[in-house]
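The values are calculated or read from the model by the stated rules, or taken from the named source; none is laboratory data. These numbers were taken from a predicted model, which means no experiment stands behind them. Backbone-built Cβ (ideal geometry, glycine too); neighbour counts: all protein chains shown. Surface areas here come from the heavy atoms of the whole protein model, side chains and all, with no ligands, DNA or RNA. Shrake-Rupley method; radii C 1.70, N 1.55, O 1.52, S 1.80 Å.
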Amino acid sequence: TRMSHFTELKNWYKPIGSIKYQTLKEVCWDVGAKNSGFTVTVPVDYKFDFSVPKLLRWLINPKDEKYHLAGCLHDYLLHVAEWERVSAAASFSDALKAKGVKKSRRLLMTFAVIQWKYV
């Protein structure tokens with residue numbers, strides 16, 4: 001299934017800079033719910049980053065792999081699919097949840113990606 005494709009994806013990216021990465025495999029995400037019929041597919045060779053403000057890096061390590069799929073999806077939704085910030089953040093939060101990120105951290109990270117443009 002697509003959700004298991006997302007959560008069990010291995011060796012799907014390579015580092016191309018300090019916090020920059022490039023996909024080696026497609027990343028598929030069912031928006032809203034598993035088998036929703038609305039799937040976003042991030043293509044091979046898509047470049048993304050996972051930036052975290054320096055003040056929060058003690059709490060959220062930008063090199064921690066459990067965040068990278070959600071970050072890839074979020075960047076793709078914002079910059080390629082041209083979703084607005086809150087909608088992209090909702091899928092970001094759902095993707096973090098699928099990877100087992102705790103609710104309190106998910107909320108902090110989701111709020112941060114919504115606010116990032118405005119700070």
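Every residue in the stretch 76-89 that is touching a residue at least 12 places away in the same chain (Cβ under 8 Å), assigned to a helix (DSSP H, G or I) and of a type outside the set (Phe, Trp, Tyr), please.
Going through the stretch 76-89, the residues touching a residue at least 12 places away in the same chain (Cβ under 8 Å) turn out to be 76-77, 80-81, 85-86, 88-89.
Pick out the ones that are also assigned to a helix (DSSP H, G or I) and you get 76-77, 85-86, 88-89.
Correct list: 77, 85, 86, 88, 89.
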Would you pick out the residues in the stretch 1-23 that are open to solvent by less than 40 Å² (accessible area, probe 1.4 Å), in a strand (DSSP E or B) and free of Cβ contacts under 8 Å to residues at least 40 places away in the same chain? 22
Counting only residues in the stretch 90-107 that are touching a helix residue (DSSP H, G or I) at 6+ places or on another chain (Cβ under 7 Å) and without any contact (Cβ under 8 Å) to a residue 24 or more places away in the chain, the one farthest from residue 10 (Cα to Cα) is identified as 106
Return a yes/no flag: does the stretch 104-115 have any residue that is closer than 13 Å to residue 49 by Cα, surrounded by 14 or more Cβ atoms within 10 Å (Cβ to Cβ) and of a type in the set (Gly, Ala, Ser). no
Somewhere in the stretch 61-84, is a residue closer than 20 Å to residue 106 by Cα, among the acidic types (Asp, Glu) and under 11 Å from the mean Cα position of the chain (by Cα)? yes
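What are the residues in the stretch 54-77 that are open to solvent by 30 Å² or more (accessible area, probe 1.4 Å) and either at pLDDT 90 or above or of a type outside the set (A, V, I, L, M) (or both), if any? Walk me through how you get there before you give the answer.
Let us first name the residues in the stretch 54-77 that are open to solvent by 30 Å² or more (accessible area, probe 1.4 Å), namely 54-59, 61, 63-66, 76.
Listed by number, the residues that qualify are 54, 57, 58, 61, 63, 64, 65, 66, 76.
Return the residue satisfying two criteria in turn: it lies in the stretch 24-49 and is of a type outside the set (A, V, I, L, M), closer than 12 Å to residue 75 by Cα and not in a loop (DSSP other than H, G, I, E, B), and of such residues it is most open to solvent (accessible area, probe 1.4 Å). Walk me through it before giving the result.
So in the stretch 24-49, the residues of a type outside the set (A, V, I, L, M) come out as 25-26, 28-30, 32, 34-39, 41, 43, 45-49.
Applying the additional criterion that residues be closer than 12 Å to residue 75 by Cα yields 46-49.
Going one step further and asking which of them are not in a loop (DSSP other than H, G, I, E, B), we end up with 47-49.
Numbers: 47: 121, 48: 8, 49: 49 Å².
Across the stretch 24-49, the extreme among qualifying residues is 47.
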Checking residue 42 against (1) in contact with a Leu (Cβ under 7 Å, 6 or more places away or on another chain); (2) within 18 Å of residue 105 (Cα to Cα), which single condition isn't satisfied? (2)
